[in-house]
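The values are calculated or read from the model by the stated rules, or taken from the named source; none is laboratory data. Please read these numbers as outputs of a predicted model, since none were measured by experiment. Cβ placement follows ideal geometry from the backbone for every residue including glycine, while neighbour counts extend to all protein chains displayed.
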Amino acid sequence: MQELDDYINKVKHLPPAPRILPELLRLLKRDDVDNSKVVTCISFDPSLTASVLQLCNSALYSPATPIGDLNQAITWLGFKQIYQLVAAVVGSRALGPAQTGYGINKGELWEHSVASAVAGQLLARKLGDDENMVFTAALLHDLGKIILSEALEGIYTKLVEETQQHQQALLDAEKRLLGVQHAEIGGRLLARWKFPENIVTAVWFHHQPKAAAPHDRLAAYIYLGNLIAHFLGHSYGHQALALRGRTDALDILGLSPESLPHHMIETVEQLALVEALFHPPV
Amino acid sequence: MPSPTFVSGFEHRVVVGIAELAVSNNPNVILTTYSLGSCLGISVYDPVVHAGGLLHIMLPDSGIDAVKAADKPAMFVDSGVPALFRACYQLGAVKQRMIISVAGGAQIMDESGFFSIGRRNCDALAQLLQQNGLQVSAQQVGGMVNRTMYLRLATGEVRLKVSGEPRETILYAGA
């Protein structure tokens, strides 16, 4: 733990913390969500408020009459929809920039994150789990890469070599070269940002879902969401698919491997509908 | 579905999305399909009439969803490849002259085979082409990389761009 904290502490550019998300998730958990509390919470960030309203009025929903303020937006679209828009805006602030340490161009990590989140969300909806929780966790699963990218900048070719020539998973190559890997760094960062424990643990173990117990279901959603995103080409950097197959992700959720193609098709169709999330106004 | 004819003499990219196909005989067009992942990019080109097409398929077998296959034949190998050839024939292309190039079908590190969508796509294509007496002229498939594919209609040249690599490479040199 200390090692991870030391690592995070010495990074020059920490991403902007999406502190509003754990707060909203707590509000969302209650049966009687208080709209005014939600509005106060979002309004605290004027540029976030403007971006959310812009998305409300975009092709995403195409409202018949323009939505003018957050109260109206929540009444019309519901809290869950608004939550996702907030997550998209604050998430892209952190995950949007290029990460040269991984050979990631501007917007690529964000696109991957959205695709993973949508794929995970659809699975959760089908299996009756909390889809906002899954959406959030999958959206932020690669947060640790932002931290490691800085350190990898000088040794990027080495990372490619490790994965390509020695057939190592990207995660193992990071561990060998840096002593830490992106999943645990991301989990630790989310813990420091006061995200709920299930998200922290699931992100921490999103490449080994079984190890995330008792939050293994959430980790399995992230794992499969991540996988589907890569399969569909919402991927980035060199050796983009250098990750290990974990059949336990299927076992944990009671899914058959034959169901994967169907989930891929559903994800492609949903992504076409929420295309605006790939380029949120920030 | 031929791409629209532009009057300008400038080369321009026409993007083929996932589960889509496009054909053209416009020498200014470069058909482009981004980020193949485990999907396959399949290009065909008839060097005599300078017509060709590009297909971005997701999955091997339309049997899993017949309704989807009718709506979006380009989603599957077994429905997409015949649709691609048929669309090229409308531009005067002839089967025996077609130059076929293939890219994509990337894989994760998976011994179980449960996640081998990329390999199954490649296998389905190989089988279909063999049944029809067709051969692939150039291919770069498998591995763990994400590829983007370009077909230049003027020459039939096929280029690839691998994510994380600085430059494009030539998969098929063309005329």
Next on the checklist: If I ask for residues that are among the hydrophobic types (A, V, I, L, M, F, W, C) and within 13 Å of chain A (Cβ to nearest Cβ), which ones from the stretch B:16-40 would you list?
Outcome noted: B:VAL16, B:ILE18, B:ALA19, B:LEU36, B:CYS39, B:LEU40
Checklist outcome for this item: Checked the stretch A:1-48 for anything in a loop (DSSP other than H, G, I, E, B) and surrounded by fewer than 16 Cβ atoms within 10 Å (Cβ to Cβ); matches are A:MET1, A:LYS10, A:LYS12, A:HIS13, A:LEU14, A:PRO16, A:ARG19, A:ARG30, A:ASP31, A:ASP32, A:ASP34, A:PHE44
Checklist entry - If we only count helices (runs of 4 or more DSSP H) wholly inside the stretch A:176-282, which ones have 3 or more residues that are within 14 Å of chain B (Cβ to nearest Cβ), modelled with pLDDT of 95 or more and touching a strand residue (DSSP E or B) at 6+ places or on another chain (Cβ under 8 Å)? => result A:260-273
Checklist outcome for this item: Residue set A:ALA115, A:ALA94, A:ALA119; condition away from chain B (no Cβ under 13 Å), of a type in the set (Gly, Ala, Ser) and touching a residue at least 12 places away in the same chain (Cβ under 8 Å); output residue A:ALA94
Checklist outcome for this item: Residue hits (the stretch B:41-53; more than 14 Å from chain A (Cβ to nearest Cβ) and either in a strand (DSSP E or B) or at positive phi (or both)) are B:ILE42, B:SER43, B:VAL44, B:TYR45, B:ASP46, B:HIS50, B:ALA51, B:GLY52, B:GLY53
Item to check | helices (runs of 4 or more DSSP H) enclosed by the stretch A:65-161 - at least 3 residues per element that are among the small types (Gly, Ala, Ser) | outcome: A:79-95, A:108-127, A:143-152
Item to check | Matching residues, the stretch A:93-141, being over 26 Å from A:LEU260 (Cα atoms) and among the hydroxyl-bearing types (Ser, Thr, Tyr) | outcome: A:THR100, A:TYR102
